[in-house]
1. Can you compute the FRET efficiency between H56 and V85 using 1/(1 + (r/R0)^6), with r the Cβ-Cβ distance and R0 = 22 Å? Round to the nearest 0.05.
2. Which entry is the computed mean projected area of the Cα convex hull in nm² for this structure: [x] 10.1; [y] 8.1; [z] 11.5?
3. Solvent-accessible area per residue for the chain at a 1.4 Å probe radius, Å²?
4. Could you derive backbone 3J(HN,Hα) for the stretch 46-60 from the dihedral phi with the Karplus parameters 6.51, -1.76 and 1.60 (θ = phi - 60°), listing whole Hz in sequence and x where the residue is Gly or Pro?
5. Let's test the formula: R0 of 41 Å, r as the Cβ-Cβ distance of L37 and A8. What FRET efficiency results, to the nearest 0.05?
6. Between T63 and W49, with labels modelled 7 Å along Cα→Cβ, what's the label distance in nm to one decimal, could you check?
7. Treat each spin label as a single point 7 Å out from the Cα along the C-beta direction, and report the L21 to L97 distance in nm.
8. Just need the relative contact order of the chain here, percent rounded to a whole number, with Cα pairs under 8 Å and 6+ apart.
Amino acid sequence: MIILFIFAMAALVFLSRYLFLEPHLPLRLSPTLHRLLSYSGPAVLTAIWAPIVFTHKGTLWITHHNPYLWAALLAVILAWKTSNVLLTTLISMAMFLLLNIVLLS
């Protein structure tokens, strides 16, 4: 039964991607819908990182002892100033590790 669900979900994901990516299919999105769908990536990413950065054990954690918050602020500043994804990722991860060792030890 689980194998059936896995194959069904794989088929669903494949078909939903195929319909929008195959250039020979007559399916075209309106400019308004295309503009609205451009917000889905940032919305999903925000839904992933915001609870990690701002909460701890189910409560709001906005203090100067939060290494997630400091590393996220550094990542935002680095991404804004350098526009280099690899540099931003490496430096903010190193800063998070350092802050996690220092602040939570």
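The values are calculated or read from the model by the stated rules, or taken from the named source; none is laboratory data. Worth saying up front: this structure is predicted, and the values here are computed from it rather than measured. A quick note on method: Cβ atoms are made from the backbone with ideal geometry, for glycine too, and the neighbour counts reach across all protein chains shown. For the accessible areas, the whole protein counts, side chains as well, though only heavy atoms, and no ligand, DNA or RNA atoms are used. Shrake-Rupley method; radii C 1.70, N 1.55, O 1.52, S 1.80 Å.
1. Given R0 = 22 Å and the Cβ-Cβ separation, E is 0.25.
2. [z]
3. Heavy-atom accessible area per residue stands at 84 Å².
4. 5, 5, 7, 7, 4, x, 5, 7, 9, 10, 8, 6, x, 10, 5
5. 0.95
6. If labels sit at T63 and W49, their model points lie 2.4 nm apart.
7. 3.3
8. The normalised contact order for the chain reaches 16 percent.
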